[in-house]
Structure formats: structure tokens, C-alpha cells
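The values are calculated or read from the model by the stated rules, or taken from the named source; none is laboratory data. Given the structure is predicted, the values throughout are model-derived calculations rather than measurements. Cβ atoms come from the backbone with ideal geometry, glycine included; neighbour counts cover every protein chain shown. Heads up: the accessible areas ignore ligands, DNA and RNA and are worked out on the full protein's heavy atoms, side chains in. Shrake-Rupley method; radii C 1.70, N 1.55, O 1.52, S 1.80 Å.
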Amino acid sequence: MEEHNKMISQESTKGNVSIYINGGNVQVLPNATEAVQYVFCVDPTDVPRWRGGDVKEGIAGDEEENEAMRVARGVLCIYYPDKKELEDIIHRIADCPNASDLANLVVNDMQKNTILSSDRMVSKDFIESLQQFLTFKTGASTGNIRTQINNVRRR
């Protein structure tokens, strides 16, 4: 009887854990005694919800565009948590006239001055976040930008 009570008291001290994963990369540490995750977010009020145009045509397209823009800002704010620095890098990305200049910015500035890794800079979701701010259209494909980044890294 005593052994049974001891087992019940041990079981009642165990906690239940629920983990909800909604995209992104998540590392579950089952044997860790402690884990810290830093989450950097952009204030949603920083991104305009409406850019004008016909209400019937604009709402769905603009909401998708704004959502993509918020996600892109969220990806970049991991590397630039300061709002002023984040805006500065977004303007610098937008000022790039071609994929080659963008690759130079990513490798020679973003990687050297932030925690951006070599593997991350050529990942599809990182490049797609950069594409949200590009002003050039020719050569703006994910594959071409990845190629240009790899070319700059090899120099």
C-alpha cells in the first residue's frame, strides 16, 4: 500500500506540456532542464493595413501583401531588433538595383554585422523575405538571388 501511495504522489508532480508548432523551425528539447527562446516581433501597427485602391479589388490582395510584408519584417527583425536599424536595412535592400548588389549587402554587411549564418542567408524563406522589399524585377527570382549570394561568398 505504501509503495502504491508513493507512486501516485510522484505521478501527480509531473506536469503536462502542450507544444503548438505553427511553421518555422522549432527545436524540442526533451531532456533539457531549461530552455530560453527569444521571439522578436514587429509591432503590427508599423505595417499599413490598407494602401488604397478599389475596396472590392484591394482588400484580399492587400491583406495578403500586408501579411507577407509583416512576415518579412519579422524575419529581418531577428537580425535587426532595433526599429531604426530594421528600417535602415529595409531601405538599403530596396535601394539595391540588382541581385548582385543585394548579394553584396547580404554577405558583406548583414552576415558580418548580425547573427545571420551562411546556411540561413541562402534559405528560401530568408530570400523570400528579402524579395518583399526589392524594387527591381529582373533577376529577382529566389534561385538567381541564391546564386548571386553563393557567388559573393566564394570570393
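Within segment 118-155, what residues put their amide N at less than 19 Å from the label point 7 Å along the Cα-to-Cβ vector of Asn98?
In segment 118-155, the label zone of Asn98 (backbone N under 19 Å from the point 7 Å along Cα→Cβ) covers 131, 134-155.
Read phi for every residue in segment 128-135 and hand back ³J(HN,Hα) as whole Hz from Karplus 6.51 cos²θ - 1.76 cosθ + 1.60, θ = phi - 60°, with x for Gly and Pro.
For segment 128-135, the Karplus-derived couplings read 5, 5, 5, 4, 4, 10, 6, 9 Hz, x marking Gly and Pro.
Under a 1.4 angstrom probe, counting protein chains only, how are Thr114, Thr147, Thr138 ranked by accessible area, largest first?
Thr138, Thr147, Thr114
Please compute the length gained on full extension between His91 and Lys112, using 0.36 nm multiplied by the number of residues separating them and subtracting their Cα-Cα distance.
My answer for the length gained is 5.7 nm.
Spelling out what I want: for every residue of segment 145-155, take phi, set θ = phi - 60°, compute 6.51 cos²θ - 1.76 cosθ + 1.60 (Karplus), and round to whole Hz; glycine and proline get x.
Taking θ as phi minus 60°, the curve returns 5, 4, 4, 5, 4, 4, 4, 5, 5, 6, 5 Hz for segment 145-155.
Within segment 73-146, report the trypsin sites (Lys or Arg not before Pro) that DSSP leaves as loop and that have at most 11 other Cβ atoms within 10 Å.
Here the trypsin sites (Lys or Arg not before Pro) that fit, given the DSSP loop and packing criteria, are Lys137.
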